[in-house]
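Asker: The structure under discussion is supplied below as C-alpha cells; questions concerning it will follow.
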Amino acid sequence: MKKGMVWVLVVWIAGLLTASYTQPDPEESLLETWQAAEIQTERFMLHHGGRLDRSIPKEEIPRLAESLAQAWDLELSEPTVFADGTRWTAKNNWERNIQVQCIVINDRPQQSFSQPYISIQVTGGGHPDRQQLSDARNRIIHTLQQHQIQPRTHFSLQGRISSPTSTMDMSDRKRVIGSVLQRLGAHEVESMDTERTTSVSAYTPLFSGGLTTNGETMNVQVAAKKDDRGNGLILTVGTPIITIEY
C-alpha cells in the first residue's frame, strides 16, 4: 500500500474514533469526583432557568405553563398575581425521593408580547441514583426541546464533611476546595472569602461550555462553609454554577 493511502487510512480511522467518543455528562463527572472524595451527600439539584428565546403573545403563556406541566406530569396550581407580574407553579414527585417544580413567570404583563422566565428544578435528598438522575435529565431536556426551549441545565451537589477534633477554618475550606478542583483538573478563575464561607469559580476541560466571569470562562463552582451544627464543613459543588443555597 502506498504511503499516501496509508496516511488517508490513518486519518479516517482517527476521525471515526473521535466521532465515536462522547464526553461524559457533567453530572456523571461530578458524581465520580464527589464519591472519590467520600463526601456524605445531603441533597442534589438539577436545574434549568432562563427566559424564552422568543417573544410570544401574553395569552399563550398560561397555555405554555399548562403544556409543560402536562408533559412533566405536574400538578399546576392557580396562577399567582404579584405587583410585578404573574407566576404559574406546578409540582409533583418523580420516582422515589425526587421532587419536581416548574415555574413560569410573566414579569411584563403590560406588554402584548413577552419572553417569560421558565425555571424547572429537580431536587432530592441523599445521594442521587445515577439512572434516575439520567432519566430525569433526559426527560427535562426532551420536553424543553419539544417546546423549542434551549436547555440550560445546572447540576449541584451538597454534603457534609465532619471533623471530630476541631472546627474547620478558612485554610481547611481552601484545602478541601483545592482537592475537589484538582480531581476535576480545574484551575481557579475567581474566588470569594468571608468569615464563614469560601467560594471558588473555576474552569475544567471535562465540561463543555460555561459562563464568562472576570474576562474568563468558568464551568464549575465549589463552595465550603462552616457547619454551625457541629465541627466540619458544608461543601457544595455545581456546574456551571451552584444553584443550591449555600
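The values are calculated or read from the model by the stated rules, or taken from the named source; none is laboratory data. Everything quoted here is computed from the prediction, not taken from an experiment. Don't worry about glycine lacking a Cβ; one is built from the backbone with ideal geometry, like all the others, and counts go over all protein chains shown. The area values use the complete protein model at the heavy-atom level, side chains included, leaving out ligands, DNA and RNA. Shrake-Rupley method; radii C 1.70, N 1.55, O 1.52, S 1.80 Å.
Asker: Out of the residues in the stretch 112-133 that are in contact (Cβ under 8 Å) with a residue 60 or more places away in the chain and in a helix (DSSP H, G or I), state the one that is nearest to Ala37 (Cα to Cα). So that I can check it myself, show each step before the final result.
Answerer: The initial filter retains those residues of the stretch 112-133 that are in contact (Cβ under 8 Å) with a residue 60 or more places away in the chain, namely 115-128, 130, 133.
If we keep only those that are in a helix (DSSP H, G or I) too, we end up with 130, 133.
Values: Arg130: 17, Leu133: 20 Å.
Among those residues, the one meeting the criterion is Arg130.
Asker: While we're on this one: Tell me, yes or no, whether the stretch 217-234 has at least one residue that is over 21 Å from Ala37 (Cα atoms), free of Cβ contacts under 8 Å to residues at least 60 places away in the same chain and within 17 Å of the chain's Cα centre (by Cα).
Answerer: Yes, because at least one residue in the stretch 217-234 is over 21 Å from Ala37 (Cα atoms), free of Cβ contacts under 8 Å to residues at least 60 places away in the same chain and within 17 Å of the chain's Cα centre (by Cα).
Asker: Here's a follow-up. State which residue pairs qualify: first residue under 25 Å from Asn138 (Cβ atoms) and inside the stretch 53-75, second residue among the basic types (Lys, Arg) and not in a helix (DSSP H, G or I) in any location, beta carbons under 7 Å apart, and separation of 6 or more residues or different chains.
Answerer: Leu74/Lys91; Glu75/Lys91
Asker: For Ile161, indicate whether it is surrounded by 12 or more Cβ atoms within 10 Å (Cβ to Cβ) and within 17 Å of the chain's Cα centre (by Cα).
Answerer: no
Asker: Further, regarding this structure: Output the residues belonging to the stretch 148-165 that are assigned to a loop (DSSP other than H, G, I, E, B) and touching a helix residue (DSSP H, G or I) at 6+ places or on another chain (Cβ under 7 Å).
Answerer: The one that is assigned to a loop (DSSP other than H, G, I, E, B) and touching a helix residue (DSSP H, G or I) at 6+ places or on another chain (Cβ under 7 Å): Pro151.
Asker: Now, a different point. Those residues that are in contact with a helix residue (DSSP H, G or I) (Cβ under 7 Å, 6 or more places away or on another chain) and crowded, with 23+ Cβ neighbours inside 10 Å, I need them from the stretch 203-246; list them, please.
Answerer: Val220, Val222, Ala224, Leu233, Leu235, Val237, Thr239
Asker: Could you check, for the stretch 150-169, whether at least one of its residues is farther than 19 Å from Ala37 by Cα and among the aliphatic types (A, V, I, L, M)?
Answerer: Within the stretch 150-169, none of the residues are farther than 19 Å from Ala37 by Cα and among the aliphatic types (A, V, I, L, M).
Asker: Mind checking whether some residue in the stretch 114-122 is closer than 30 Å to Gly178 by Cβ and in contact with a helix residue (DSSP H, G or I) (Cβ under 8 Å, 6 or more places away or on another chain)? Please lay out each step first, then the result.
Answerer: Restricting attention to the stretch 114-122, the residues satisfying the condition of being closer than 30 Å to Gly178 by Cβ are 121-122.
In the following step, the residues that additionally are in contact with a helix residue (DSSP H, G or I) (Cβ under 8 Å, 6 or more places away or on another chain) were identified as 122.
Within the stretch 114-122, one or more residues are closer than 30 Å to Gly178 by Cβ and in contact with a helix residue (DSSP H, G or I) (Cβ under 8 Å, 6 or more places away or on another chain).
Asker: Residue check: is Ala136 small (Gly, Ala, Ser), open to solvent by less than 70 Å² (accessible area, probe 1.4 Å) and without any contact (Cβ under 8 Å) to a residue 60 or more places away in the chain?
Answerer: no
Asker: Here's another thing I want to ask about it. Asn106 passes all but one of (1) under 30 Å from Arg173 (Cα atoms); (2) touching a Pro at 6+ places or on another chain (Cβ under 6 Å); which number fails?
Answerer: Result: Asn106 passes all but (1).
Asker: Select from the stretch 44-64 the residues that are part of a strand (DSSP E or B) and surrounded by 17 or more Cβ atoms within 10 Å (Cβ to Cβ) and list them in ascending order.
Answerer: Within the stretch 44-64, Phe44, Met45, Leu46, His47, His48 meet the criteria.
Asker: Next question, about the same structure. Can we say Gln182 is without any contact (Cβ under 8 Å) to a residue 24 or more places away in the chain and open to solvent by 70 Å² or more (accessible area, probe 1.4 Å)?
Answerer: yes
Asker: Looking at (1) more than 25 Å from Val222 (Cβ to Cβ); (2) in a strand (DSSP E or B); (3) open to solvent by less than 20 Å² (accessible area, probe 1.4 Å), find the lone condition where Ile103 falls short.
Answerer: In the conditions (1) more than 25 Å from Val222 (Cβ to Cβ); (2) in a strand (DSSP E or B); (3) open to solvent by less than 20 Å² (accessible area, probe 1.4 Å), Ile103 misses (3) alone.
Asker: Do any strands (runs of 3 or more DSSP E) lying entirely in the stretch 166-244 carry at least 3 residues that are within 14 Å of Pro26 (Cβ to Cβ), and which ones are they?
Answerer: On the way: elements: 187-193, 197-203, 211-213, 216-218, 220-226, 232-239.
Once the strands (runs of 3 or more DSSP E) in the stretch 166-244 are filtered for at least 3 residues that are within 14 Å of Pro26 (Cβ to Cβ), what remains is 220-226, 232-239.
Asker: Could you tell me whether Arg175 is closer than 30 Å to Ala71 by Cβ, at pLDDT below 95, among the basic types (Lys, Arg) and open to solvent by 40 Å² or more (accessible area, probe 1.4 Å)?
Answerer: Values: closer than 30 Å to Ala71 by Cβ: no; at pLDDT below 95: yes; among the basic types (Lys, Arg): yes; open to solvent by 40 Å² or more (accessible area, probe 1.4 Å): yes.
So Arg175 fails the test.
Asker: Determine whether the stretch 5-27 contains at least one residue that is modelled with pLDDT under 85, in contact with a Lys or Arg (Cβ under 9 Å, 6 or more places away or on another chain), part of a helix (DSSP H, G or I) and surrounded by 14 or more Cβ atoms within 10 Å (Cβ to Cβ).
Answerer: Looking through the stretch 5-27, at least one residue is modelled with pLDDT under 85, in contact with a Lys or Arg (Cβ under 9 Å, 6 or more places away or on another chain), part of a helix (DSSP H, G or I) and surrounded by 14 or more Cβ atoms within 10 Å (Cβ to Cβ).
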